[in-house]
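J.: Take a look at this one; I'll ask things after.
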Amino acid sequence: MKISTCFVVAVTLLVGCRPPVPSLQAAVNPSAAYQEPHRPRYHFTPPAKWMNDPNGMVYYDGEYHLFYQYYPDGTVWGPMHWGHAVSTDLVRWEQLPIALYPDSLGLIFSGSAVVDWKNTSGLGVGGQPPLVAMYTYHDMAKEKAGAAVFQTQAIAYSNDRGRTWTKYVGNPVVPNPGLKDMRDPKVIWHEASQRWIMVLAAGDRVRLFASYNLRQWQPVSEFGATVGAHGGVWECPDLFPLKLEGSGETKWVLLVSINPGAPNGGSATQYFVGDFDGSTFTIDPSFASSVGVAGREPSRGVWVDYGRDNYAGVTWADVPAEDGRRLFLGWMSNWDYARDVPTGVWRSAMTIPRALTLHRTAGGLRLFSTPVKELRALRTETASTPSQRVTGALALRVPQGTTAASAEVDVEFVVTPGSVTDVALELTNSAGDRYRVGYDAAAKQFYSDRTATPQGFSPSFASAVHRAPRISADSIVRMHLYLDRASVELFADGGATALTDIVFPSQDFATLRLVVRGAPVTLQYANVSGLRSIW
């Protein structure tokens, strides 16, 4: 691993540091064109170098802040910083200078940020609330020396709308009680108890802490050692209330990312639904049967997204009450091959932002994911393929100037109950690459098949077809997709099933068609919209 000059100075001299100005400018002033191979047109990507988990997502003064795990000196994982960008619409992003750098306490791992509206921390000035970020320090020198513990929790604050950050002089604010894995703090304000709650990943479970000032924390409970998927270490938790659609009831949702242990291999994010009393999270009895009991049966989870490429996702804090949405963003990659994907200047993208809603289904309480409405502003022209009976292949109408490389596709079709039918959207190019995303009616599963695309950069990239269960029993199937050069995001049946995969064709996909195998289906409609670049 290449260690940055900044990190070496921090460890050797035990002081914080900043890179020289030219390096900083190169990081935040990318080429205006953003034309490198596989560079998405409307997904967030770093200007250059390595990116992974989204961090510190908070809304304040008309801006959505996105911080992210960032290594400015290479395109593989290295000493972590917090990169930074802001948006007024969740779609177009302004790149800002790096917010947090490694220092004598360690690298800057994942965490969260909040608006301290009541200035409980005492860190605000001029009567304005400060932004407070909480993050994990990872002491790489201690880890390499074989120390038993090397992760602690710290805070930093900003009084200029997040443009500059000051690390708290009393860091770390949560010392390590003796755990190897203790990281990724997510902080929320709990109105009923009038205090801050932090949920922290701790090995095979989460631990919860409480504070009245963001500076002193006390442990209050833990959750998860005996439920859910436990194929790997738990990471990047999130905890939030969510109204149950169609009722006045509010439940609490706990997100936990896990690597490995995902349903299709590698990295993914599971969730739990229950109640939270200000100290303890209790899983809902109707949801408990969905996740099993670890140790008594094969552990399993319920997943935010069943694709291989939606990891470490968390939600924005302080979204205005009048908006009312729970907004989510994930890292669009997988630790099985994230370091190897064939991009040269930059590495990794985020998913499109999504709104999460909670529904009661035949299988129990489930999260639905839908693309944020702000993405509609990117649409150019839309071409429609009318209702018809489909056997074999049907080329879909696309607007002039639009290809499968970057488009929004909305398809609805009717499947005869009990039929053996496979319906797929197929993307191809002149190089012979082929990608299929579709629905297998006999198996009652959606799927993503990238096995006929280039995969030589990693043996684990396209080893199997990735599958996701269908929750709905309706004979009408709806597939809503966002295609963006190197990624496909499927939102099926109104968001009941989400499946995200990255794919790296040898050249951009150019053609788009609907392919039916087995019994015919009735196409209700197919709308294909072009999408403008955000860069």
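J.: Within segment 86-105, count every residue that is in contact with a His (Cβ under 8 Å, 6 or more places away or on another chain) and open to solvent by less than 20 Å² (accessible area, probe 1.4 Å).
T.: Going through segment 86-105 one residue at a time, the tally reaches 6.
J.: Let me ask another. Of everything in segment 158-211, what is open to solvent by less than 10 Å² (accessible area, probe 1.4 Å), farther than 30 Å from Glu94 by Cβ and part of a loop (DSSP other than H, G, I, E, B)? Give them in sequence order.
T.: If the condition is that a residue be open to solvent by less than 10 Å² (accessible area, probe 1.4 Å), farther than 30 Å from Glu94 by Cβ and part of a loop (DSSP other than H, G, I, E, B), then Met182 is the only one that fits.
J.: Look at segment 480-515 and say how many of its residues are in a strand (DSSP E or B), more than 22 Å from Tyr311 (Cβ to Cβ) and open to solvent by 10 Å² or more (accessible area, probe 1.4 Å).
T.: Number satisfying all stated conditions: 4.
J.: State which residue pairs qualify: first residue farther than 30 Å from Arg92 by Cβ and inside segment 514-535, second residue of a type in the set (Gly, Ala, Ser) and crowded, with 16+ Cβ neighbours inside 10 Å in any location, beta carbons under 6 Å apart, and separation of 6 or more residues or different chains.
T.: From segment 514-535, the pairs are Val515/Ala424.
J.: Determine whether Glu63 is surrounded by fewer than 17 Cβ atoms within 10 Å (Cβ to Cβ) and in contact with a Lys or Arg (Cβ under 9 Å, 6 or more places away or on another chain).
T.: yes
J.: State the number of residues belonging to segment 68-112 that are closer than 27 Å to Leu239 by Cα, in contact with a Leu (Cβ under 8 Å, 6 or more places away or on another chain) and not β-branched (Val, Ile, Thr).
T.: So the answer is 8.
J.: Quick one: how many residues across segment 225-263 are outside any loop (DSSP other than H, G, I, E, B), open to solvent by 20 Å² or more (accessible area, probe 1.4 Å) and farther than 20 Å from Phe368 by Cα?
T.: The total comes to 4.
J.: Can you spot a residue in segment 423-430 that is surrounded by fewer than 16 Cβ atoms within 10 Å (Cβ to Cβ) and either under 20 Å from the mean Cα position of the chain (by Cα) or touching a residue at least 40 places away in the same chain (Cβ under 8 Å) (or both)?
T.: yes
J.: Which condition number does His359 fail, the rest of (1) under 17 Å from Thr497 (Cα atoms); (2) in a loop (DSSP other than H, G, I, E, B); (3) not basic (Lys, Arg) being met?
T.: If we test His359 against (1) under 17 Å from Thr497 (Cα atoms); (2) in a loop (DSSP other than H, G, I, E, B); (3) not basic (Lys, Arg), just (2) comes out false.
J.: Which of the residues spanning segment 459-479 are under 24 Å from Ser387 (Cα atoms), open to solvent by 50 Å² or more (accessible area, probe 1.4 Å) and either in a loop (DSSP other than H, G, I, E, B) or aromatic (Phe, Trp, Tyr) (or both)?
T.: Once the filter is applied, which keeps residues that are under 24 Å from Ser387 (Cα atoms), open to solvent by 50 Å² or more (accessible area, probe 1.4 Å) and either in a loop (DSSP other than H, G, I, E, B) or aromatic (Phe, Trp, Tyr) (or both), segment 459-479 yields Ala473, Asp474.
J.: So which of Gly313, Gly301, Gly266 ends up being part of a loop (DSSP other than H, G, I, E, B), open to solvent by less than 10 Å² (accessible area, probe 1.4 Å) and touching a residue at least 60 places away in the same chain (Cβ under 8 Å)?
T.: Selected residue: Gly266, the only one of Gly313, Gly301, Gly266 that is part of a loop (DSSP other than H, G, I, E, B), open to solvent by less than 10 Å² (accessible area, probe 1.4 Å) and touching a residue at least 60 places away in the same chain (Cβ under 8 Å).
J.: For the condition assigned to a helix (DSSP H, G or I), closer than 26 Å to Thr511 by Cα, modelled with pLDDT of 95 or more and not hydroxyl-bearing (Ser, Thr, Tyr), what is the one hit in Leu425, Leu394, Leu375?
T.: Unique residue meeting the criteria: Leu375.
J.: May I ask you to list the residues in segment 174-201 that are more than 17 Å from Val253 (Cβ to Cβ) and in contact with a His (Cβ under 9 Å, 6 or more places away or on another chain)?
T.: If the condition is that a residue be more than 17 Å from Val253 (Cβ to Cβ) and in contact with a His (Cβ under 9 Å, 6 or more places away or on another chain), then Arg183, Trp196 are the ones that fit.
J.: Considering only segment 342-356, how many residues are surrounded by 20 or more Cβ atoms within 10 Å (Cβ to Cβ) and not in a strand (DSSP E or B)?
T.: Of the residues in that region, 5 qualify.
J.: I need the full set of residues from segment 276-327 which are of a type in the set (Val, Ile, Thr) and either at pLDDT 95 or above or under 24 Å from the mean Cα position of the chain (by Cα) (or both), in order please.
T.: Across segment 276-327, the qualifying residues are Thr280, Thr282, Ile283, Val291, Val302, Val304, Val314, Thr315, Val319.
J.: If only one of Arg434, Arg467 is of a type outside the set (A, V, I, L, M) and free of Cβ contacts under 8 Å to residues at least 24 places away in the same chain, which one is it?
T.: Arg434 is the lone residue from the list that is of a type outside the set (A, V, I, L, M) and free of Cβ contacts under 8 Å to residues at least 24 places away in the same chain.
J.: Give the residue, chosen from Phe413, Phe457, that is aromatic (Phe, Trp, Tyr) and either free of Cβ contacts under 8 Å to residues at least 12 places away in the same chain or more than 29 Å from Pro342 (Cα to Cα) (or both).
T.: It is Phe413.
The values are calculated or read from the model by the stated rules, or taken from the named source; none is laboratory data. In this text the structure is predicted, and so the values were computed from the model without any measurement. Positions of Cβ are backbone-derived with ideal geometry, glycine not excepted, and every protein chain shown enters the neighbour counts. Remember, those area values only see protein heavy atoms, side chains included, never the ligands or the DNA or RNA. Shrake-Rupley method; radii C 1.70, N 1.55, O 1.52, S 1.80 Å.
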